[in-house]
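The values are calculated or read from the model by the stated rules, or taken from the named source; none is laboratory data. Since we're looking at a predicted model, the values are computed, not measured. A quick note on method: Cβ atoms are made from the backbone with ideal geometry, for glycine too, and the neighbour counts reach across all protein chains shown. In case anyone asks, the SASA skips ligands and DNA or RNA and just uses the protein heavy atoms, side chains included. Shrake-Rupley method; radii C 1.70, N 1.55, O 1.52, S 1.80 Å.
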Amino acid sequence: MTKQIKKNNIIVCGLGNHARKNIIPAILKSKVLNLYGLCTRNNNVLVTTSEEHHCLGFSDFNEILNDKNIDIVYLSTPPGLHYEQGIKALNSGKHLWIEKPLTIDIRETKQLIKLASESNLSLCEGIMYIYHPHFYELKQYLSK
């Protein structure tokens, strides 16, 4: 008997090149994540990308806050928006994953950490480049 894994519904907010070329493909390969939806103010990108990936499209960030089907909010929005959107996502009971940097102010970062901890929600920062082959090569070079 195969154990059924519950997939967590994730929504990606901000659909720039990085999100479309790296974040969404990684989510689609995951065995524990389901690309539930996308959120951006750019209607052309929203319609095209949500149709391509057969998921919901949201043009207003506040719309996603009341959707009880969303488990995780992934912010790939400009860093200046991370704190405000992050507070809203955590206050709505959703786990929060943010593309680097978490915020642009250490005090805001500490507030997000505190709220996530008090709410028993995850707060993660996406830093993909620590696994990039260039860093591996640099690490080897420096160790010599």
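Some observations on this one:
- Under 20 Å from the Gln4 label point (7 Å along Cα→beta-carbon), backbone N, the range 32-56: 32-36
- Estimated D of the chain in µm² per second, where Rh is the Kirkwood radius over Cα pairs and Stokes-Einstein applies at 20 °C, 1.002 mPa s: 132 µm²/s
- Of the two radii for the range 42-88, the radius of gyration is 0.97 times the Kirkwood radius, both from the alpha carbons; that is the Rg over Rh value.
- Label-to-label distance for Lys110 and Val45 is 3.4 nm, based on points extended 7 Å past Cα in the beta-carbon direction.
- Förster-model FRET efficiency, 30 Å R0, Asn62 and Lys100, C-beta, rounded to 0.05: 0.80
- The Cβ shell under 15 Å around Pro101 holds other residues with a net charge of -2, Lys and Arg each +1, Asp and Glu each -1.
- For the range 7-56, the convex hull drawn through the C-alpha positions has a volume of 61 cubic angstrom per residue.
- Here the peptides 25-31, 137-143, 121-127 are ranked by packing, the mean other Cβ count within 10 Å, and the order with the highest first is 121-127, 25-31, 137-143.
- For the range 1-53, the per residue solvent-accessible surface stands at 65 Å², with DNA, RNA and ligands left out and a 1.4 Å probe.
- Evaluated at q = 0.17 Å⁻¹: base-10 log I(q)/I(0), Debye formula over Cα of the range 66-113: -0.43
- Only lysine pairs 8 or more places apart or on separate chains count here, and in the chain those with Cα atoms under 17 Å apart total 17.
- Mean projection of the Cα convex hull over all viewing directions, computed for the range 91-144: 5.0 nm².
- Antiparallel content of DSSP bridges confined to the chain, in %, to 5: 0 percent
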